[in-house]
Amino acid sequence: MAAANPSPILPSYFIFMFFIIIPCATALPDEILRKDIAGHLRTDPESTSKASADYGNLVRETPSAVFYPSTIDEIISLVKLSNNLSTPFSVAARGCGHSVRGQPMAADGVVVEMTSLAGNGAGVGVGVRVSWNPALGFFADVGGEQMWIDVLEATLEHGLAPVSWTDYLYLTVGGTLSNGGISGQSFLHGPQISNVHELDVITGTGDFITCSKDMNSELFFAVLGGLGQFGIITRARILLHKAPSRAKWVRLIYNDFSKFTRDQEHLISSDSNGPNYVEGSLITDNSPPNNWRSSFYSSFHQSKIRSLLKSNQGLLYSVEIVKYYNDLTADTIDEELETMAKDLEFVPDFMFKKDVPVIDFLKRVAIGDNHNSEVHPWLNLFVPKSAISDFNDAVFAQIIRKHNHTISGPILFYPFNRIKWDDRASAVIPDEEIFYTLGLLHSSMPDEVENYEKLNNEILEFCEKSGRKIKQYLPHYKSKEDWVKHFGSKWDSFREMKTKFDPRMILSPGQRIFNSI
């Protein structure tokens, strides 16, 4: 598999895109205005402005209209109508708009507001329905428009819960399954795309298809991690397990990278008595112990960590471990944690503990109210284990230290087991048994974005020059050639699935895979 091409993007491009809204260049075709679904289309500036932006606030592309469906059939009608036109209009499904590079946008096309299916009780989307059968055990049929927080709350009413999560739960099911869906549980259960039994999908031709590993499997695996290129997910059948009630939540501090990664890899290789969640992160002066992802540490603990940070040239590492338990295991949980931690090589006296309800742990990440005024030039990478030592030397110890004054946001770095990923899915990962994810979750004001793009591009340039097979997660590229390099051996299959399920290239143009500029 080829290494990801960095495709450096001029910072001035992003500044321009932040301040300038691309005007609507074409009107809706008359055919759509004569259809029954026309009543669900809005072209007012408030609707189109909202659909022209995402959480990143880096790109703005204005659609001709925004579609607010009340039924799945209405989305089918919209896609079929586009197919029947001599010049089709593009269609992009939008969940909560938490992409960062314009992925849910459709310039001059139609953006489908999927959350309209929930409709505050008035819509007739799938919702969340918990069931059981002998073959699958417990599962939930979940609308693609549902947020994971809705899934959690609905399944907990039955004493059940999904096993794989994202750190932030206010994302839609269809959105995360189109990418992967990762967090600290993924080493154990795989990403969210590895925990799906079945999907209902509206393809780019307007066909409504139910698919699974055994039925219409080409579409099933294409859609999982397929970046919205082959269909719109309207239902997912999600694996459920019995929900634990509480969580022992531990953070350990390291001043040595080798010990930091060695202990993480030891933890993710543990047997059934091991942790339920493992995430590593970096601590710097401007990526402090507490941040918008978590307020774990007391003021006394923060002061203690800052003193250690100062004595270690402004760079520390942290491993976050969670072990779930319930009433039956309450008497043994502390002993299990002690056993788990006894051989770990963290800095002595730098273990910090909490005991919380599981729902409080899962809901720990919240996005502040000021995100609408900020830009978020995030960078997410998958780094093979064989590259992490060089990566630390070049990226963490040099590039990030050099840019420390501009770092503003969490820096995540933690491992996965490749065996927990299904290679038949469209998602692209390094070809090694253990690989790490790097998440640089920057936040800045618009006039500062150039500094963050310089940092990102330096990291991407290192990845390219090193020859390591590093891949982008939540990828963003400017050219088709870069996408071909990204998908590597999967490209031919990816292109064939596009031809089969969206031959007129209607869906998700904001990804810029088949319409690269």
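Just one of (1) in contact with a Gly (Cβ under 6 Å, 6 or more places away or on another chain); (2) more than 24 Å from H266 (Cα to Cα) fails for K213. It is (1). Number of residues in region 261-289 that are surrounded by fewer than 21 Cβ atoms within 10 Å (Cβ to Cβ) and out of contact with any Ser or Thr (no Cβ under 9 Å at 6 or more places or on another chain) equals 13.
Among the residues making up region 396-413, those that are among the hydrophobic types (A, V, I, L, M, F, W, C) and closer than 21 Å to V375 by Cβ are I399, I400, I407, I411, L412.
Does E450 satisfy the condition of being surrounded by fewer than 21 Cβ atoms within 10 Å (Cβ to Cβ) and within 17 Å of L379 (Cβ to Cβ)? Considered against the rule, which asks whether it is surrounded by fewer than 21 Cβ atoms within 10 Å (Cβ to Cβ) and within 17 Å of L379 (Cβ to Cβ), E450 comes out as yes.
On the given criteria, is G159 touching a residue at least 24 places away in the same chain (Cβ under 8 Å) and on the phi > 0 side of the Ramachandran plot? Judged against the criteria, G159 is a match.
Residue check: is V163 in contact with a helix residue (DSSP H, G or I) (Cβ under 8 Å, 6 or more places away or on another chain), not assigned by TED's automatic domain parsing to the domain that holds L267 and not in a loop (DSSP other than H, G, I, E, B)?
no
Give region 325-340 a look and list any residue that's among the hydrophobic types (A, V, I, L, M, F, W, C) and surrounded by 16 or more Cβ atoms within 10 Å (Cβ to Cβ), or say none. Within region 325-340, I333, L337, M340 meet the criteria. Here A4 meets the list (1) at pLDDT below 95; (2) in contact with an Asp or Glu (Cβ under 9 Å, 6 or more places away or on another chain); (3) of a type in the set (A, V, I, L, M, F, W, C); (4) in a helix (DSSP H, G or I) almost entirely, failing just condition (4). Return yes when D431 is part of a helix (DSSP H, G or I), touching a residue at least 40 places away in the same chain (Cβ under 8 Å) and either assigned by TED's automatic domain parsing to the domain that holds G102 or out of contact with any Phe, Trp or Tyr (no Cβ under 9 Å at 6 or more places or on another chain) (or both) and no when it is not. Spelling it out, it is not the case that D431 is part of a helix (DSSP H, G or I), touching a residue at least 40 places away in the same chain (Cβ under 8 Å) and either assigned by TED's automatic domain parsing to the domain that holds G102 or out of contact with any Phe, Trp or Tyr (no Cβ under 9 Å at 6 or more places or on another chain) (or both).
Against the conditions (1) modelled with pLDDT under 95; (2) under 21 Å from the mean Cα position of the chain (by Cα), V124 satisfies every one except (2). Of the helices (runs of 4 or more DSSP H) lying entirely inside region 171-251, the ones with 3 or more residues being farther than 16 Å from G95 by Cβ and of a type in the set (A, V, I, L, M, F, W, C) are found at 217-223.
Residue pairs whose Cβ atoms lie under 7 Å apart, separated by 6 or more positions or on different chains, with the first residue in region 331-345 and outside any helix (DSSP H, G or I) and the second surrounded by 12 or more Cβ atoms within 10 Å (Cβ to Cβ), are L344/L252; L344/D263; E345/K259; E345/D263. For region 300-323, which residues satisfy the criterion of being among the hydroxyl-bearing types (S, T, Y) and under 15 Å from R251 (Cα atoms)? Y317, S318 - these are the residues of region 300-323 that are among the hydroxyl-bearing types (S, T, Y) and under 15 Å from R251 (Cα atoms). Taken over region 351-380, the criterion of being farther than 30 Å from L160 by Cβ, out of contact with any Phe, Trp or Tyr (no Cβ under 8 Å at 6 or more places or on another chain) and not in a helix (DSSP H, G or I) is satisfied by M351, E374, W378, L379.
The values are calculated or read from the model by the stated rules, or taken from the named source; none is laboratory data. Values in this document were obtained by computation on a predicted structure and should not be read as measured data. Note that each Cβ is placed from the backbone with ideal geometry, even for glycine, and that neighbours are counted across all protein chains shown.
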